[in-house]
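What follows is a short report on a single structure.
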Amino acid sequence: MKKFTFTDLLEKKCFSFSKIEIPILQRDYVQGQKAGDDSDKINKTGFRFIQAIFDSMKSGTPMDLDFIYGSVEGEDFIPLDGQQRLTTLFLLHWYFACKDFSGKELKEKLKLLSNFSYETRISSREFCSEMCKFEKKFTVSEIPSKYIQNESWFFSKFRLDPTVSSMLNMLDAIHELDNDANASYENLSLLQFSILNMDNFGLSEALYLKMNARGKELTDFEKIKAEIEKLADKSKWENSLEETEKFYFKADRTWADLFWKSFKLSADSAFMNFIAEAMITNLTLKVESFESNVGKEQIKKIQKLAENVENLSAEDFDKDSFFKVKNFLDLYSQNENAAKKAFVNLWDFCKNDKNLFSTICDIEEKSSVTYPVRGLFFAQTLYLEKSEFSEESFADWMRVIRNIAEKATVDTVQTFKGFLNLIQELSEGCDDIYKYLSEGKIKSNFAKVQVQEEIYKAKIIIKEKTAKSLFSELEENPFCKGRLYFAFYCCDVDLQKKSSVLNIHMFKKVKKVFDAYLSKDDISDDFRLLLFTCGNNRFYEYWGTWSYKTETNKRCCIENTPDLNWHFSRIECDSTWKNILKEAVIKLTSDVSIEKLISEYKCPDDMPKWEKWIIKNPKKFSEHCSGHYFGVTLDNKNCYLYERYKRPNGKENCFKIPVK
């Protein structure tokens, strides 16, 4: 079979085409990769190849570089197998052209080399293009990589491109070997190969991966980025834009710098996570009917993407979502927006040492990205898009959305859309959310109870500025965690009635009680005893079951603070239990100590004796009921404290209250 040189190929003596293009689906150039992190030398495979080339050039012996496989697509020759060798030949021809020629001759040689291009990454392509405009003669004392990196056209982004990095390393290796071999441009004609045009085979990703085992496969992100670039180009979505505003241009510059700054070596994964999360939100907002066949397919697509970002496909994009993702990326590339963090505790939604941007992007935190977290990030994004940033208004906005996220149920695509729609509606007033809420314009019915509370609080804040700090402080209390319904209930406020007026003085007292007695994981035994003195004196009947081993009705005197919250303070709770807890809180607002309230309590005559004993023996109660469970006999005359147990094996493991 006839042999050709690299110059023959560039001059199209093999067959007709416009230029040689290393395609998107090919892999990084690796023959110039370093041997290791601590090495200045290129890897053994690359060095042996280039050493053999210099031996051939030095001895004047032709070197057979085997077959180059490829196909002509459109007007371009697409190498299928031979990318690594062709790239090394490109670098050799560039190096010796700059060394041996100058002026018009050098310009002609570089113009010929411009017929070789990379599509693997935009930065690789642009680097090759700039190299072919170099037109400067090298001297033997100059190290190519250092000289090139000092050029004004060399972007910092080029250093992050493994193909460019590998090319620079190979040029230095060529330079080092040339100092010993004293080779020339003419010697390059000794390097020959056979070429096979595979037009009849067609090209596919599978064929690339089977036939090109050299190098490193493109990452999932690089593939999806390339697919999006192709889609945008094919659909002509960006035809009216300047090149610097197009997706491909920003992806390898502004946006790449954004993720590199925060995630370094995990930048590609973070970039892909960001795009996937932006698409989850956009796709959810596009669902019109959850019951239709189209809607059901959309839900499946969103769920799969939420489970694994690798399910992202360019087919998911339409023009609208494409530009929305671009806008998201632009937004977080500006004004240090990626570093923005509201001075609001986001609780379990976001770790204290992270902000929402890093939570959304960080692959290690992927399992913690829930629908509520996505909603919070969407809220943050809308604020940054619509408002002039101020720490106070941003914190107010994020606090309101956080409260809703905490108390609403957002665990399906359907509820997620409801949350997003509400956020979009509220975002019309995100720069002054309390003013907007106070005007009562909300149409959405999502999370109606919590939104109603936010509206009520906003109206008070507008009139009484000191109320904002009171409310926000109490919202941080784990017993409330964003919802102040029960605190208002203790102040005789009915949120269903628009005319309900809050007594701020009373609210402050209630807040003081919440802070003192309901802010920890567990309530005190004194607080349990106080509950025995409230209402019908049978608060413990909120829960019960039969204990066969002790032959008693098993009761609980509140397992912990969350247990108290769930059964006694929610809007859904029975008024019997809410009123018992309310009475306890109101008693404590009197400034009388809890110990005195208990000791001075006058037990009703019909109260069971064992219950009277509990109230009058606080220390004994704490000693023998540390597990907070007890059992009462069927006749209600005897009580067994279960000690530290939740399920004692028998009465012998319990403390029987001594009653006569």
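The values are calculated or read from the model by the stated rules, or taken from the named source; none is laboratory data. Every value quoted in this text rests on a predicted model; they were computed, and no experiment measured them. Don't worry about glycine lacking a Cβ; one is built from the backbone with ideal geometry, like all the others, and counts go over all protein chains shown. Each accessible area value is taken on the protein alone, full model and side chains, heavy atoms only, with ligands, DNA and RNA left out. Shrake-Rupley method; radii C 1.70, N 1.55, O 1.52, S 1.80 Å.
Remarks
- Segment E364-E551, length gained on full extension (0.36 nm per residue, minus Cα span): 62.2 nm
- S71 long-range amide H proximity, modeled H, under 5 Å: I78, L80, M198
- Kirkwood-type radius of segment 433-592, with distances r between different C-alpha atoms, in Å: 16.9 Å
- Extension gain (nm, one decimal) between N179 and S469, 0.36 nm per residue minus Cα-Cα: 97.0 nm
- Anisotropy class of segment 371-494 from Cα gyration tensor, a/c 1.5 cut: oblate
- FRET efficiency, D591 to R159 (Cβ-Cβ, R0 51 Å, nearest 0.05): 0.15
- Rounded FRET efficiency, nearest 0.05, which uses the C-beta distance separating N536 from W566 and R0 of 22 Å: 0.65
- Rounded to the nearest 20 debye, dipole of segment 1-99 from Cβ charges on Lys, Arg, Asp, Glu: 380 debye
- Normalised by the number of residues in segment 526-660, the mean separation of alpha-carbon contacts (under 8 Å, six or more apart) gives a relative contact order of 27 percent.
- Electrostatic dipole magnitude of the chain [Cβ: Lys, Arg +1; Asp, Glu -1; Cα centre; debye, to 20]: 2460 debye
- Cα shape, segment 25-83, gyration tensor, a/c 1.5 rule: oblate
- Residue-wise HN-Hα coupling along segment 477-489, computed from phi with Karplus coefficients 6.51, -1.76, 1.60 (Hz; x: Gly, Pro): 4, x, 5, 8, 6, x, 10, 9, 3, 6, 5, 5, 4
- The helix-based estimate of mean residue ellipticity at 222 nm for the chain, built from -39,500 (n - 2.57) per DSSP H run of four or more residues and divided by its residue count, is -15000 deg cm²/dmol to the nearest 500.
- Note on K319: aspartates and glutamates with a C-alpha under 16 Å away, same-chain residues under 8 apart excluded, are E227, E229, D233, E238, E245.
- Shown here are the Rg and Dmax of the Cα trace of segment 46-109, at 14.3, 40 Å.
- For segment 1-115, alpha-carbon Rg relative to the globular expectation (2.2 N^0.38 Å, N residues): 1.14
- Computed over segment 273-395: relative contact order in percent, which uses C-alpha pairs under 8 Å that are six or more apart: 26 percent
- Among D28, D66, D526, the sequence by solvent-accessible area, most first, with a 1.4 Å probe is D66, D526, D28.
- A DSSP coil position with no more than 15 other Cβ atoms inside 10 Å describes the following GluC sites (Glu not before Pro) in segment 364-401: E388.
- Alpha carbon convex hull of the chain, projected area averaged over orientations, nm²: 40.9 nm²
- Using θ = phi - 60° and Karplus 6.51 cos²θ - 1.76 cosθ + 1.60, couplings along segment 287-296 (whole Hz; Gly, Pro as x): 5, 9, 9, 6, 8, 6, 4, 5, x, 5
- Once the 1.4 Å probe is applied to the protein heavy atoms, segment 360-478 comes out at 40 Å² accessible per residue.
- Positive-end extreme of charge dipole, the chain - chosen from Y485, F621, I228 (charges on Cβ): F621
- 3J(HN,Hα) along segment 403-410, derived from phi through the Karplus expression 6.51 cos²θ - 1.76 cosθ + 1.60 where θ = phi - 60°, amounts to 4, 5, 4, 5, 9, 8, 9, 10 Hz, with x in place of Gly and Pro.
- Under 5 Å from the amide H of M63 lie the amide H atoms of L191, Q192, each residue being 5 or more positions distant or on a separate chain, with H modelled from the backbone and absent for Pro and chain starts.
- Charge dipole (the chain, unit charges on Cβ, about Cα centre) - positive-most of M131, S166, C654: C654
- Gyration tensor verdict on segment 532-604 (Cα atoms; rounded if a/c is under 1.5, prolate if a/b is larger than b/c, oblate otherwise): oblate
- Put a plus charge on the Cβ of each Lys and Arg, a minus charge on the Cβ of each Asp and Glu, and nothing anywhere else: the dipole of segment 502-563 about its Cα centre is then about 260 debye.
- Solvent exposure ordering (accessible area, 1.4 Å, most first) of T633, T545: T545, T633
- 5 angstrom amide H check on F116, placed H, neighbours 5+ away: I20
- In the chain, taking the dipole from charged Cβ atoms about the Cα centre, the farthest positive-side position among L529, S519, Q496 is held by L529.
- Antiparallel DSSP beta bridges within the chain, percent to nearest 5: 65 percent
- Over the chain, relative contact order from alpha-carbon pairs under 8 Å, at least 6 apart, %: 9 percent
- Of R399, R48, the residue with the largest accessible area leads and the full order is R48, R399 (1.4 Å probe).
- The modelled label-to-label distance for the pair T139/S189, using points 7 Å beyond Cα in the direction of Cβ, is 3.1 nm.
- Under the Debye formula (equal points on every Cα, no solvent term), log10 I(q)/I(0) of segment 277-331 at q = 0.25, 0.30 Å⁻¹: -1.04, -1.27
- Sorted on the mean count of surrounding Cβ atoms within 10 Å across their residues, most packed first, peptides 269-275, 409-415 read 269-275, 409-415.
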